[in-house]
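Asks: Take this structure first; my questions come after.
The values are calculated or read from the model by the stated rules, or taken from the named source; none is laboratory data. Quick caveat, the model's predicted, so the values are computed rather than measured. Please note: Cβ atoms are built from the backbone with ideal geometry, for glycine as well, and neighbour counts cover all protein chains shown.
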Amino acid sequence: MKSEEEYKNTLSEAQYKVLRDKATEAPFSGKYNLHFEKGNYQCGACGISLFSSEGKYDAGCGWPSFHSPIDNDRIKTQRDLSNNKERTEILCKNCGSHLGHVFNDGPTGSRYCVNSLSLAFKKKP
């Protein structure tokens, strides 16, 4: 596992704020919001594949949305009481980086609402 100093040296300032300090990017500002190429979305901090393009959809919320992770063992959740709301935060289980939140309002149940800055993309050949 990387140290916080290593994350500071390898991530952009904006990525660090989202991934490690749990900030949220502005809605409709992220490069993966309306991105629909075939491939896998990876943790922007450690590179583990988290979501497939097959599970991505446009929820109209301004952030990339997925109906499920590639494998539930790659995501961990925890209660988030910030901003005077109760939500369920999602984190990369491998490195603990903040990804976004999961809501129960998706077309198949869950909607994983993820910051683009939390992600990297690996295109399928």
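Asks: Which condition number does residue 97 fail, the rest of (1) at pLDDT 95 or above; (2) out of contact with any helix residue (DSSP H, G or I) (no Cβ under 7 Å at 6 or more places or on another chain); (3) not aromatic (Phe, Trp, Tyr) being met?
Replies: (2)
Asks: Conditions first: (1) crowded, with 17+ Cβ neighbours inside 10 Å; (2) of a type outside the set (A, V, I, L, M, F, W, C); (3) in contact (Cβ under 8 Å) with a residue 24 or more places away in the chain. Residue 16 passes all but one, so which condition is the exception?
Replies: The failed condition is (3).
Asks: Which residues, counting only those in region 24-40, are touching a residue at least 60 places away in the same chain (Cβ under 8 Å) and over 10 Å from residue 64 (Cα atoms)?
Replies: Taking region 24-40 first, the residues touching a residue at least 60 places away in the same chain (Cβ under 8 Å) are 24-25, 29-33, 35, 37-40.
Within region 24-40, 24, 25, 29, 37, 38, 39, 40 meet the criteria.
Asks: Which numbered condition in (1) part of a helix (DSSP H, G or I); (2) surrounded by 18 or more Cβ atoms within 10 Å (Cβ to Cβ); (3) not β-branched (Val, Ile, Thr) is the only one that residue 63 fails?
Replies: Residue 63 satisfies all of (1) part of a helix (DSSP H, G or I); (2) surrounded by 18 or more Cβ atoms within 10 Å (Cβ to Cβ); (3) not β-branched (Val, Ile, Thr) except (1).
Asks: Taking residue 108 and the conditions (1) closer than 30 Å to residue 9 by Cβ; (2) touching a residue at least 12 places away in the same chain (Cβ under 8 Å), which numbered condition does it fall short on, given that it satisfies the others?
Replies: (1)
Asks: Right, another one. Of all residues in region 80-109, which are surrounded by fewer than 18 Cβ atoms within 10 Å (Cβ to Cβ), within 17 Å of the chain's Cα centre (by Cα) and either at positive phi or among the hydroxyl-bearing types (Ser, Thr, Tyr) (or both)?
Replies: Within region 80-109, 88, 96 meet the criteria.
Asks: Suppose we filter 68, 29 for residues that are crowded, with 18+ Cβ neighbours inside 10 Å, hydroxyl-bearing (Ser, Thr, Tyr) and in a loop (DSSP other than H, G, I, E, B); which single one remains? Steps first, please.
Replies: Details: 29 fails: crowded, with 18+ Cβ neighbours inside 10 Å.
The unique qualifying residue is 68.
Asks: Let me ask you something else. Residues in region 76-102 that are out of contact with any Asp or Glu (no Cβ under 7 Å at 6 or more places or on another chain), among the charged types (D, E, K, R), in a loop (DSSP other than H, G, I, E, B) and closer than 24 Å to residue 3 by Cα: how many?
Replies: Result for region 76-102: 0.
Asks: Still on this structure, please answer the following. Taking region 1-26, which residues are at pLDDT 95 or above and in a loop (DSSP other than H, G, I, E, B)?
Replies: Answer for region 1-26, where residues must be at pLDDT 95 or above and in a loop (DSSP other than H, G, I, E, B): 11, 12, 20, 21, 22, 23, 24, 25, 26.
Asks: Would it be correct to say that residue 66 is touching a residue at least 12 places away in the same chain (Cβ under 8 Å) and closer than 16 Å to residue 115 by Cβ?
Replies: On the way: touching a residue at least 12 places away in the same chain (Cβ under 8 Å): yes; closer than 16 Å to residue 115 by Cβ: yes.
It is true that residue 66 is touching a residue at least 12 places away in the same chain (Cβ under 8 Å) and closer than 16 Å to residue 115 by Cβ.
Asks: Next question. If a residue must be in a strand (DSSP E or B) and surrounded by fewer than 24 Cβ atoms within 10 Å (Cβ to Cβ), how many such residues does region 44-54 contain? Step through it out loud before you land on a result.
Replies: Restricting attention to region 44-54, the residues satisfying the condition of being in a strand (DSSP E or B) are 49-52.
Checking which are surrounded by fewer than 24 Cβ atoms within 10 Å (Cβ to Cβ) leaves us with 49, 52.
Selection size over region 44-54: 2.
Asks: Moving on. Among the residues of region 35-43, are any at pLDDT 95 or above, surrounded by 14 or more Cβ atoms within 10 Å (Cβ to Cβ) and of a type in the set (D, E, K, R)?
Replies: no
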